Amino acid sequence: MAASIKDVAREAGVSIATVSRVLNDIDVVNDETKKKVNNAIKKLDYRPNIVARSLKTQKTRTIGIVVPDISSQLYPEIVRGAEDVANIYNYNVILCNTDRDTQKEIEYLRVLREKMVDGVIYMSHSLADEILKLLNDLNLPTVLIESKGQDDKLPSVVIDNVKAAYDAVTYLIEKGNKKIAFVGTNPDLQNASGLRYVGYKKALEENNIELNENLISFGGLKAIDGSEGIDKIMKNEKFDAVFCASDEVAMGVINTLRENKIKVPKEVDVVGFGNIYSSSIYYPKLTTIDQPMYDMGSVGMRMLIKIINKKEVDAEHYVLGHSIVERESCKK
């Protein structure tokens, strides 16, 4: 028969109320008593009744994590960082993969509210107005990761995507490239990858390089999008470098260039974005923008747990650092 809270109290020599305070992490219990209760819990293998507990406290110690595409190498690392912190603070995680579908995002958010999650880590393919409105209407503590809302009402953890893209394109220009193609997502999407086009455009303008629409392809962030994008560009224009909005796009670009007997980096320099694991083992190894994916997840989860527990956060908007990782897809 499973142990009850009464059994734990008896084993620890304390009241049921004290056991309850320890389970709910209420600070009035001293460390010695907490140790006795936790030892009793471990000895008796006590498991609280989560349903009953959540009805009483209005907390489930569960957090929803919404990701656009779990098959991408970017998001599992962010989720890992978030989950590791959740485990430290004894929170469970519900993972929701939306396949970059706005309607799926809306449905998952409603389901998470019905499941009485305590909060949400939210990564979106597009922060559309209807999504932002729903997040506000659901009244769930939410932290955005990778993207931030235009009105800055929701806490966020990001890198400066405009500056990172600007740095990448400036790097290509400093290597003597003048005809730099862009393969990535449309800037109309209110998300991180859309901002990378803004940085691309800014770097060209500040270096007095005319923007050439024939050198631009908007699509998705998969390898197939890179392949199709650069294939379209090649039919219209010559180029000496390509800036890609993701590493997977960069790999697709290089595959298609290789199929067309164009050598990377001898004839064309290619820079990716993200520094996913395969960028370091792909051939040629990708020069790319490194974003601290694990840290984005862990910082976001720590912030969310503080917000859930009504504790002060150091900042509502974190901008983590980025860097250029030089490898073999650009000329030395």
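The values are calculated or read from the model by the stated rules, or taken from the named source; none is laboratory data. Everything numeric in this text was worked out from a predicted model, so none of it was measured. Counting neighbours? That spans all protein chains shown, and the Cβs are built from the backbone with ideal geometry, glycine included.
What to note about this one:
- Qualifying residue in region 33-41 (condition: at pLDDT 90 or above and assigned to a loop (DSSP other than H, G, I, E, B)): no
- Residue match in region 58-79 (condition: β-branched (Val, Ile, Thr), at pLDDT below 90, within 24 Å of ILE5 (Cβ to Cβ) and buried (at least 18 other Cβ atoms within 10 Å of the Cβ)): yes
- Here the condition is being farther than 11 Å from CYS330 by Cβ, in contact (Cβ under 8 Å) with a residue 24 or more places away in the chain and among the small types (Gly, Ala, Ser); of ALA245, ALA241, it holds for ALA245 alone.
- Selection status of VAL117, touching a residue at least 24 places away in the same chain (Cβ under 8 Å), β-branched (Val, Ile, Thr) and either in contact with a strand residue (DSSP E or B) (Cβ under 6 Å, 6 or more places away or on another chain) or not in a strand (DSSP E or B) (or both): yes
- Residue that is in a helix (DSSP H, G or I), surrounded by 23 or more Cβ atoms within 10 Å (Cβ to Cβ), in the same structural domain as ASP314 (by TED's automatic domain parsing) and in contact with a helix residue (DSSP H, G or I) (Cβ under 8 Å, 6 or more places away or on another chain), where the choices are GLU105, GLU130: GLU105
- Residue match in region 23-44 (condition: over 24 Å from LYS311 (Cα atoms), crowded, with 16+ Cβ neighbours inside 10 Å and basic (Lys, Arg)): yes
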